[in-house]
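Chemist: What follows is a structure written as C-alpha cells; I'll ask about it next.
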Amino acid sequence: MQTIEFAIKMEADGAQYYREQAKAFADHPIARAFEMLAETEIKHQRLLERYQQRQSVDQMQDLSKENNVFSQLTAFKNDIASIPRQLDVYRKALELEKQSIQLYTSLLDVTSDQSGQKMIRYLIDEEKKHYSLFDELVTLVQRPEEWVEDAEFGQREDY
C-alpha cells in the first residue's frame, strides 16, 4: 500500500470507528462528539483522495504491512460506566490524535517526493490542531472536577 493510500485508509477507518461509536451512544449527548470526529476524518480522507488523483503513486512508500491508528481499535468503553463521560471521550480522542501525529511523522521520513511530504506535513499540522483542541477541551471539562475549593481562596490561572 502506498503512503497516500495508507493515509486515506487510516482516515476512512477513523471515520468508521467514530461513526460506530456515535451509533452506539445515539441516545446520549456524547454521540455528537463522535459525529464531529467522524466528519473531520472524512474531510481528511477527501482531501487525500483529491491529492492522490493528481499524483503519481509509483514514487511513494509501500506500507501494506503497517497498522494504522484506527485499525486495531475496539468499541469505546469505560470500565466503570456504560456510557463514557465527555472527558473520557476527549482524552481518548487526544490519544488518537497524538498517535496520528506520530504515524504521519514517521511517514514523512519515508516519503521521498516533495508533494507527498507537503501533504503529510499538512496532515501533521491538522492533527496538531485537533490535538490542541482536544487538549483544551480536556482542560475545560476537567476544571470543575479538580477545582472544588472556594474560588475566593487560592490562586487560579487566568482563562
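Each reported figure results from applying straightforward, stated rules to the coordinates on display, with no laboratory input. As the structure is a prediction and not an experimental result, all values here were calculated from the model. Positions of Cβ are backbone-derived with ideal geometry, glycine not excepted, and every protein chain shown enters the neighbour counts.
Chemist: What is the set of long-range amide H partners of Q2 at a cut-off below 5 Å, with H atoms built 1.01 Å from backbone N?
Modeler: Sorted by chain and number, the residues that satisfy this are L63.
Chemist: At 7 Å along Cα-to-Cβ for each site, give me the label-to-label distance between K128 and Q86 in nm.
Modeler: It works out to 2.8 nm between the two label points.
Chemist: By the scheme Lys and Arg +1, Asp and Glu -1, what is the net charge of all other residues having a beta-carbon under 14 Å from that of G14?
Modeler: Details: positive: K9, R19, K43, R46, K92, K98; negative: E11, D13, E20, E35, E39, E41, E95, E97, E126, E127.
Net charge in that neighbourhood comes out at -4.
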